[in-house]
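Data block below; observations after.
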Amino acid sequence: MIFGIMVVAALIVAYDLPDIRKKGTRKELAFFTGLLAIACVLSAIYFLGLQLANPLDWIAFIYQPLFDHLLRDKAGFK
């Protein structure tokens, strides 16, 4: 399956790269390359069955102490 991901990525590059080069924009080329690389890595991780981090876990980790502090103060919990 990883091979299939790489083949699809190569087909996408073969289709889009000439147009991007013709425009001559380095920022667009860098953005395209970066997003395609991230997509390939995340797809490979998913198909290998590895555990992906959930962004909501990070948000909960950051805001949980603040929420606990506010809840304790407003609700009268000690």
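For every residue, the table says whether it meets (1) closer than 26 Å to F3 by Cα; (2) open to solvent by less than 100 Å² (accessible area, probe 1.4 Å); (3) of a type in the set (K, R); (4) not in a loop (DSSP other than H, G, I, E, B).
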residue: K22; (1), (2), (3), (4): no, no, yes, yes
residue: F31; (1), (2), (3), (4): yes, no, no, yes
residue: L42; (1), (2), (3), (4): yes, yes, no, yes
residue: Q51; (1), (2), (3), (4): yes, no, no, no
residue: I59; (1), (2), (3), (4): no, yes, no, yes
Looking at region 61-78, which of the residues that are surrounded by 11 or more Cβ atoms within 10 Å (Cβ to Cβ) and charged (D, E, K, R) is nearest to V8 (Cα to Cα)? D68
If you check every pair at least six apart or on different chains, which have Cβ atoms under 6 Å apart with a residue in region 6-20 that is closer than 10 Å to F32 by Cβ first and a residue that is modelled with pLDDT under 95 and of a type in the set (D, E, K, R) second? I20/E28
Name the residues in region 8-20 that are open to solvent by less than 60 Å² (accessible area, probe 1.4 Å) and either among the β-branched types (V, I, T) or assigned to a loop (DSSP other than H, G, I, E, B) (or both), would you? V13, I20
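The values are calculated or read from the model by the stated rules, or taken from the named source; none is laboratory data. For clarity, every value in this text was computed on a predicted model and none was experimentally measured. Reconstructed Cβ throughout: ideal geometry from the backbone, glycine too, with neighbour counts over all protein chains shown. Side chains included, ligands, DNA and RNA excluded: accessible areas come from the protein's heavy atoms. Shrake-Rupley method; radii C 1.70, N 1.55, O 1.52, S 1.80 Å.
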